[in-house]
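Colleague: Here it is, the structure in full.
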Amino acid sequence: MTHSLPDPDRSMKALLADYPSARRALFAAFHIGGCQSCAFSEEDSLAKICRQHELDQEEVCQTIVNSHQEEQKLLLSPQDFHEKTQSPLPLTVIDTRTREEHEAVKIRESILLTENTLSQLSTENTEQEIVLYDHQGKSVLDHVSWFRGHGLKKTLALAGGIDAYAKEVDSSLPRYRLEMD
C-alpha cells in the first residue's frame with residue numbers, strides 16, 4: 001500500500017499520530033527531534049521545522065512515508081503472531097514491559113526483557129526469530145530497532161501489544177490500563 005505524502009502544514013502531533021515512525025525517521029535522517037538543540041514542539045508544523053533546519057520539505061515528507069512503510073513490515077498482527085506461536089519452528093517471545101506488568105499478565109510463551117536476556121540473545125544464534133511486545137504497541141518498535149541494530153535481524157513486533165492480543169486472540173488474558181495511557 002502506498003501512502004500519499006503527509007500534509008506539512010499539520011501539527012507534528014497530528015502527523016505523529018498518522019506516522020508513528022516519523023520521530024525516529026526525522027532523527028535518523030536529519031538529526032531532528034532527538035536532543036535539546038534539535039527538539040521540536042508537537043504544535044509546530046512540519047513545514048516550520050523544515051524551514052528552521054533548511055530542509056527540502058518534499059524530501060522530508062518522503063522520508064517519513066518510506067520509514068512508515070518499512071516499519072509496517074516489522075509488525076505482526078495479533079492473529080499472525082498467534083499462528084507463529086502454534087508453529088513447530090523456534091520462536092522467542094519477549095515482553096518489554098515492566099516486571100510488575102509481566103508478573104500480572106503475560107503471553108504464556110514470553111520471557112521478560114532484562115539485561116541478562118539481552119546478553120544471552122546477543123551471544124546466541126542471530127538467526128533466531130524473535131517477537132517483542134509491550135502494552136499497546138507504542139514503544140515496541142524502538143526495541144525492535146535496537147535488536148535489529150545489534151544483529152538480531154529476525155526481530156518483529158506484536159502490533160497493538162498484549163492489549164490487542166487479549167482483545168483479538170486470547171480473551172482469557174486480563175486487559176488493563178496504565179495511568180499514563
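The values are calculated or read from the model by the stated rules, or taken from the named source; none is laboratory data. Note that the structure is a prediction, hence the values are computed from the model and not measured. Please note: Cβ atoms are built from the backbone with ideal geometry, for glycine as well, and neighbour counts cover all protein chains shown.
Colleague: Name the single residue that is surrounded by the fewest Cβ atoms within 10 Å (Cβ to Cβ) among those in the stretch 97-112 being among the charged types (D, E, K, R) and under 21 Å from Leu152 (Cα atoms).
Modeller: Glu109
Colleague: Name the residue that is nearest to Leu141 (Cα to Cα), counting only residues in the stretch 34-58 that are modelled with pLDDT under 85 and under 23 Å from the mean Cα position of the chain (by Cα).
Modeller: Residue satisfying both the conditions and the ranking: Gly34.
Colleague: While we're here: Surrounded by fewer than 17 Cβ atoms within 10 Å (Cβ to Cβ), touching a residue at least 12 places away in the same chain (Cβ under 8 Å) and over 22 Å from Arg24 (Cβ atoms): does that describe Glu115?
Modeller: no
Colleague: Still on this structure: Consider Lys167 carefully, then state whether it is surrounded by fewer than 18 Cβ atoms within 10 Å (Cβ to Cβ) and at pLDDT 90 or above.
Modeller: yes
Colleague: Still on this model: So for the stretch 112-126 (the condition being β-branched (Val, Ile, Thr) and at pLDDT 90 or above), does at least one residue qualify?
Modeller: Scanning the stretch 112-126 turns up at least one residue that is β-branched (Val, Ile, Thr) and at pLDDT 90 or above.
Yes or no, residue by residue, for (1) aliphatic (A, V, I, L, M); (2) in the same structural domain as Glu127 (by TED's automatic domain parsing):
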position	(1), (2)
Ala22	yes, no
Ile32	yes, no
Ser37	no, no
Pro88	no, yes
Leu112	yes, yes
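Colleague: So, one more: Output the residues belonging to the stretch 73-96 that are without any contact (Cβ under 8 Å) to a residue 24 or more places away in the chain and either basic (Lys, Arg) or buried (at least 17 other Cβ atoms within 10 Å of the Cβ) (or both).
Modeller: Selection gives Lys73 alone.
Colleague: Within the stretch 50-71, can you find the residues that are surrounded by 14 or more Cβ atoms within 10 Å (Cβ to Cβ), out of contact with any Leu (no Cβ under 8 Å at 6 or more places or on another chain) and farther than 20 Å from Gly149 by Cα?
Modeller: Passing the criteria: Cys50, His53, Leu55.
Colleague: Which one of Leu132, Leu158 is without any contact (Cβ under 8 Å) to a residue 40 or more places away in the chain, crowded, with 17+ Cβ neighbours inside 10 Å and not polar (S, T, N, Q)?
Modeller: Matching residue, one of Leu132, Leu158: Leu132.
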